Structures are given as C-alpha cells and as structure tokens.
C-alpha cells in the first residue's frame, strides 16, 4: 500500500517556522544567564567559571561553523535546522538534570553545536522564503526573532526561578517543549535538499567581489555580539549589586530591557539602508560602552538602565545592518556559508570578550574588568566606522569613474 505524502507547509509558514527557530536558538543561549547567580551561590562557582560556562557556547558554535559552516548549502536548510533543533532539545534535558559545573559545560556545548547547525540555515531560509517585497525586512525580522527569543528567555527564566519551585529545572523544561514544537514545524516544511551535492569541509571565505561588504558585516555583527557578551555574562551580577536584591524576576526584567529595545529597534528600521544602519549601530554601541563604564564606576542604576537602552539600540542597528549586507552581497548558492563566516567571526569576538571579562573580574573585580574591556570594545566600534568610510570612498570613486 503506497504511503500517503506528508503534509507540507507553504512559503509563508516556512518563513515563520525559520523565525521560530531563530528565536529558539537565542532563547537557548540566554536561558542560563539569569540563573548564573543561583548556580554560583548553590555550587560555589567563581566568576571565571560562570563566564567560562557562558563562553563554552560560542566556542562550540565556532567549531561547528568552522567545520560545517556551509553544510546547509549542500544538504538543505531544512535538514541542517532539524539537526540543530534536536541538539538544543537534548541540551535542555542536560541542564534540567544538571548537578554540577561539568553538566553546565556539557549543556552549553550542546547548545552551541545545535545553534551552529540551526542559526545560519534558519537565517538563510528566512531570506529565501520571505513573502515580503523588501529584502531588508528579512534582516529586521531576523534581529527581531533573535532578540524576542532572548527577551523571553531572560524574563521567563527569571519569573519561573523566582516564583515557582525547581528554579534550575523549569525554564529548561519550557525550552525542551519549545524545541519539540519547533522540530515538528520544521519537519513539515518542504524538503529543500540539494540533490547530488556532496558536502566537504572547506575554508570559509567570501568571493573576491564581496569581501569589503562581508568584512563590514562581520565587524558590525561582532560589535553587537561583543557588547551583548558583556551584558549577558556580567549583567546579572551588575544588576544584583546595583539593586541590592536577589529577586531573579527583577534581575530578569532588568536584563530584558535591552532585548526589548533590540526587538523594537529592529522592527522600526527595516527601511534604513544597510550602511547607514551599520554606522548608527557602531556610534550607539560606542555610547553604550561609555555608559557601561560609568555605571560600573558610579554604581548608578539609572546609568545601568541607560546602558541597557542605548546598547539595545546599538545592537539592533549593528546586527540588522550587518545581516542586510550579507543578504544583499552573498549569492544564493553560497549564502549559508557566507552567513556562517560572519557568525564565526562574531562568536569568536563574543567568546573572547565573555571569558576575558570573567577572568579579569575574578582577578581584580567587576569594575576593573569593565574599565579594561570597554576600550577594546570602543576600538571595535571605531574599526566598523573606518570600514564604512572605506566603502563610501570606494563608492565615490566608482561613481566618478562612471
């Protein structure tokens, strides 16, 4: 008896299922952030251990992007996403049953590997299945999806941990349930596997004609991720010290301010040209770095909230502008690998920032860590502005020649 064909979602539903996967990936990355103070208190973890746990995620993700960055171009976006979502679900089970620091490292590694498979594939799928006319809208919705997932992870984790029993378990059960839902949605999307194409790991590099825009995109997304790494790795500790409270719902709400601002910003800037978005993101992030240093030095909660808001605006512009440049410059058959290259550079910067900040905070204190890392983040912002200037000068030369 012939098998009945499986139900298949249409183009619009495929687009939104990719958005769900992006939100899930960032939900997974942020789920432990609010709980780090609980882990530290219950298991007597030092700041360098908690930030190293945080840094395990981008390190594992880097390894996947380096070895399998272009895999979705060969096996299809759907298959790569299914692998990634399944691993994120398994990581949730590891966290829910964790009993010590080793389990945290294993869970974060699995999250990183899963996100490595899912993130680039889902980002490419969002562009390719977009039902909207504006190509920049897909980049804005990518930012909105990731920030929305991160916002929900921070707020939900904080509320569950504060008001319900089993604070180190419930948020991961929710994440596991969401992973199962995403797995079903993606399984119902059309099979887009590239038949006859064999995948072989190869160095990730952009084509000669698009190297400058991809370099700008990589630096712009790196700016967003570096500022975000400081926020997610040390933000809970700063919020706890500045408010004088151990209420995880309050801490989660404070951390959620930045991600809500990212969400709103990304939805409002879909018509902003990519280079203008990158420039604005670098400038706003530069201002956020200054506010971060002032908040740590003065102990001002008002400056901490200002850092959250301005940093969120900077992240929204920088991340959206960087992805828009990739979507515009990368050819369709190489889009997954090109996105992986941008994410590879960005997560490397994030990992170095998170682990370095944690090590310095452990050695000399939180305020000193911020003072030492802030100038490096400012240099990264300046590099982004310089590359935009190089691109603008090149455009003027081409126009004069024409």
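The values are calculated or read from the model by the stated rules, or taken from the named source; none is laboratory data. In this text, all values refer to a predicted model and were calculated from it rather than measured experimentally. Here the Cβ is made from the backbone with ideal geometry for all residues, glycine too, and neighbour counts use every protein chain on show.
Determine whether the range 273-281 contains at least one residue that is within 16 Å of the chain's Cα centre (by Cα) and within 21 Å of residue 231 (Cα to Cα). Yes, that holds for at least one residue.
Just to be sure, is residue 104 buried (at least 18 other Cβ atoms within 10 Å of the Cβ), touching a helix residue (DSSP H, G or I) at 6+ places or on another chain (Cβ under 6 Å), more than 27 Å from residue 339 (Cβ to Cβ) and modelled with pLDDT under 80? No, not satisfied. Only residues that are part of a helix (DSSP H, G or I) and buried (at least 24 other Cβ atoms within 10 Å of the Cβ) were counted in the range 314-334, giving 14. Restricting attention to the range 165-195, report how many residues are modelled with pLDDT of 80 or more, assigned to a loop (DSSP other than H, G, I, E, B) and within 22 Å of residue 104 (Cβ to Cβ). Qualifying residue count, the range 165-195: 4.
As a summary of the residue check, residue 9 satisfies the conditions (1) more than 26 Å from residue 227 (Cα to Cα); (2) in a helix (DSSP H, G or I); (3) touching a helix residue (DSSP H, G or I) at 6+ places or on another chain (Cβ under 8 Å) except for the one numbered (2). Hey, any hits in the range 134-150 for a residue that's modelled with pLDDT under 85, in a helix (DSSP H, G or I), more than 20 Å from the chain's Cα centre (by Cα) and surrounded by fewer than 18 Cβ atoms within 10 Å (Cβ to Cβ)? Yes: one or more hits. When 87, 22 are checked against the criterion of being without any contact (Cβ under 8 Å) to a residue 60 or more places away in the chain, buried (at least 21 other Cβ atoms within 10 Å of the Cβ) and under 23 Å from residue 120 (Cβ atoms), a single residue qualifies: 87.
Residues that are buried (at least 24 other Cβ atoms within 10 Å of the Cβ), over 16 Å from residue 221 (Cα atoms) and either over 15 Å from the mean Cα position of the chain (by Cα) or without any contact (Cβ under 8 Å) to a residue 24 or more places away in the chain (or both) occur in the range 344-357; there is at least one. Right, residue 78: more than 30 Å from residue 365 (Cβ to Cβ), surrounded by fewer than 24 Cβ atoms within 10 Å (Cβ to Cβ), in contact (Cβ under 8 Å) with a residue 24 or more places away in the chain and touching a helix residue (DSSP H, G or I) at 6+ places or on another chain (Cβ under 7 Å) or not? Answer is yes for this residue. Within the range 157-166, identify whether any single residue is surrounded by 24 or more Cβ atoms within 10 Å (Cβ to Cβ), touching a helix residue (DSSP H, G or I) at 6+ places or on another chain (Cβ under 6 Å), closer than 25 Å to residue 348 by Cβ and touching a residue at least 12 places away in the same chain (Cβ under 8 Å), and answer yes or no. Within the range 157-166 (the criterion being surrounded by 24 or more Cβ atoms within 10 Å (Cβ to Cβ), touching a helix residue (DSSP H, G or I) at 6+ places or on another chain (Cβ under 6 Å), closer than 25 Å to residue 348 by Cβ and touching a residue at least 12 places away in the same chain (Cβ under 8 Å)), the answer is no, since none of the residues qualifies.
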